[in-house]
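The values are calculated or read from the model by the stated rules, or taken from the named source; none is laboratory data. All figures in this text were calculated on a predicted structure; none of them were measured in a lab. A quick note on method: Cβ atoms are made from the backbone with ideal geometry, for glycine too, and the neighbour counts reach across all protein chains shown. Please note that ligands, DNA and RNA were not included when accessible areas were found on the heavy atoms of the full protein model with its side chains. Shrake-Rupley method; radii C 1.70, N 1.55, O 1.52, S 1.80 Å.
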Amino acid sequence: MSIIEVLLERGLIRPEHLAEAVELRKAEGVRLDRALVRLGHIPEQTLLEIMSEQLAIPLVDLSTVEVDVEMLRSLPAKLVYRKNLVPISRTDGTLTVATSDPYDLYMFDELRLLTGLSIQPALAPEEEIAKIIKAHYGVGGDTIDDMISADELEVIGERSAESEDLLEMAQEASVIKLVNEVFLEALNERASDIHVEPYEHRMVVRYRVDGVLHEASMPPQIQRFQAAIISRIKILANLNIAEKRLPQDGRIKFRVGDRQIDVRVSVIPMLFGEGIVMRLLDTATVLYSLPELGMAEDTFGVFREIIARPYGILLVTGPTGSGKTTTLYAALQDMVRPEVKVITIEDPVEYHLDGVNQIQVSTKTGLTFARGLRSVLRHDPDSVMIGEIRDLETAEAAIQAALTGHLVLSTLHTNDASSAATRLLDMGVEPFLVTSTLAGAMAQRLVRTICSHCKETCEPDRDRLPPDFQVEPGQKLWRGAGCRECRGTGFRGRTGLFELMLADDGVRECIMERASSTDIMKAGLAGGLRLLREDGWMKVRHGITTPDEVMRATKL
């Protein structure tokens, strides 16, 4: 009985599924069983289990198997990538190879000729095999293999680094493919940034995932093509590839399936070449609603009350990468209604919001935050979001907007909520204007959340816990043991820590007296302010994150 007949007999697929698979086979020459998996009619794992049973080939879990690294690296990268196979073990002249396609007999013959060993197949999911290959050969290992074998791209030295040569090299199909693979791997890893860093003897590619940098596995030979790779990225970002002495900024837009990705590119000359950092903005996945941000119930209620006010200023503070813009976008989505007009002034516009009028700041044309805000007020908005208050001119324009009956949302670079008012005073804003307009200030940080797939309870190490975190006797905490889903880190995704300070009478009195941020914080605490650390400890007790994460994000 064939595999397809077994699937039909057991009710794992229906006749109409088979008909669709037949059409796909006619159109693209795909084998029926692979067509069923591609169409989503049967999980690959289920298909492999049936194959294992019918063909008497063992099914292996690659996460628990020690791969024969020496044998893997001795095989040509092109063969390993093309056939998507992993040698698992070698005993008594027999090489056991994990594959997702046991019907590829030519592959087994090729391996037998290359290794001189008998080949024993084992079954494993295609995605798991690909992960092992990337871990050992690096992203784009097969592409690098092709590039090395091509004479015209073998070495890039000083003489070949002229702009015409680089332009030609950067447009080679192999270089284009390699750069595309770097982008695709970043998206698969859920990275927010890609760092390309040149050193004397190597080129490093790192991905920032959940706020933490991880070095990507790349073939060591990639440094030989450093200049061509960097030139390719600069071409995509419409930058001058001949200019290597000055920093440059650009943008790339590309589409992956139904996702549109916007990439902000920054190039800076360094000692051994140009360093590049690319921020990936995925409009389909990054926009959160207010309840998804992770605010405690009481903080959430106060925040909603502030953004429902008809006028005033709400400031969201924190360092770069702390999620300020994400919080403001979530607030805007909550505010958008047919009867409310919302306008934003941003640099740059990161995500497009339906129902919100968004303006891009342009230094070339002289459209600054302050100038844009003054013009925006003539468009009769109810609420305005300013990307960032950077100077006195913008601060005064924001205060003027709040005084004339508008709700203004903006960000500031300060460490805590109480410093927001003192920052405005330091810019030169009069205290009475701050007290008249400031509705509240919220500091925030991002911490990684424990992976739900490998979450487990643990006994707290009391010696490592800080004195401001009290653990009751017998109380358990949580951690992530590490699994495939979280790449062994124990964390998957992030949530916010929030410190929301209302500008009540006590806080206003301190601002009028030009008190220090410490005094303003004391007044806020008297009014019910919960500090970032306290919000973090609440999330630790609820099993959302770990003490180490809170300490990393909120160092005292």
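Here are the numbers for the structure shown:
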{"item": "Among (1) out of contact with any Lys or Arg (no Cβ under 7 Å at 6 or more places or on another chain); (2) crowded, with 19+ Cβ neighbours inside 10 Å; (3) under 30 Å from E534 (Cα atoms), the one test that R390 misses", "result": "(2)"}
{"item": "Flag if V277 is among the aliphatic types (A, V, I, L, M) and closer than 20 Å to L529 by Cα", "result": "no"}
{"item": "Selection within region 412-423 - open to solvent by 10 Å² or more (accessible area, probe 1.4 Å) and either under 19 Å from A370 (Cα atoms) or among the aromatic types (F, W, Y) (or both)", "result": "H413, R423"}
{"item": "Filter result for K341 (open to solvent by 50 Å² or more (accessible area, probe 1.4 Å) and not polar (S, T, N, Q))", "result": "yes"}
{"item": "Selection within region 247-295 - closer than 20 Å to R232 by Cβ, without any contact (Cβ under 8 Å) to a residue 40 or more places away in the chain and exposed (fewer than 13 other Cβ atoms within 10 Å of the Cβ)", "result": "P247, D249, K253, R255, I268"}
{"item": "Lone qualifier among L409, L477 - being in contact (Cβ under 8 Å) with a residue 40 or more places away in the chain and under 28 Å from V209 (Cβ atoms)", "result": "L477"}
{"item": "Residues of region 40-62 satisfying the condition of being outside any helix (DSSP H, G or I) and out of contact with any strand residue (DSSP E or B) (no Cβ under 6 Å at 6 or more places or on another chain)", "result": "G40, H41, I42, P43, A56, D61"}
{"item": "Some residue of region 82-90 being more than 34 Å from the chain's Cα centre (by Cα) and farther than 17 Å from K134 by Cβ", "result": "yes"}
{"item": "Subset of region 530-556 that is of a type outside the set (A, V, I, L, M, F, W, C), farther than 13 Å from W478 by Cβ and touching a Phe, Trp or Tyr at 6+ places or on another chain (Cβ under 9 Å) - its residue that is surrounded by the most Cβ atoms within 10 Å (Cβ to Cβ)", "result": "G536"}
{"item": "Per-region count, region 232-246, residues open to solvent by less than 30 Å² (accessible area, probe 1.4 Å) and over 22 Å from A191 (Cα atoms)", "result": "2"}
{"item": "Some residue of region 432-454 being free of Cβ contacts under 8 Å to residues at least 24 places away in the same chain and on the phi < 0 side of the Ramachandran plot", "result": "no"}
{"item": "Those residues of region 472-524 which are of a type in the set (V, I, T) and within 33 Å of the chain's Cα centre (by Cα), in sequence order", "result": "T489, T495"}
{"item": "Subset of region 401-410 (residues that are open to solvent by 10 Å² or more (accessible area, probe 1.4 Å) and assigned to a strand (DSSP E or B))", "result": "none"}
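Every residue, every condition in (1) charged (D, E, K, R); (2) in contact with a Leu (Cβ under 7 Å, 6 or more places away or on another chain); (3) closer than 27 Å to G301 by Cα; (4) in a loop (DSSP other than H, G, I, E, B), yes or no:
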| site | (1), (2), (3), (4) |
| --- | --- |
| R445 | yes, yes, yes, no |
| D461 | yes, no, no, yes |
| D468 | yes, no, yes, yes |
| T489 | no, no, no, yes |
| L500 | no, no, yes, no |
| I511 | no, no, yes, no |
| L529 | no, no, yes, yes |
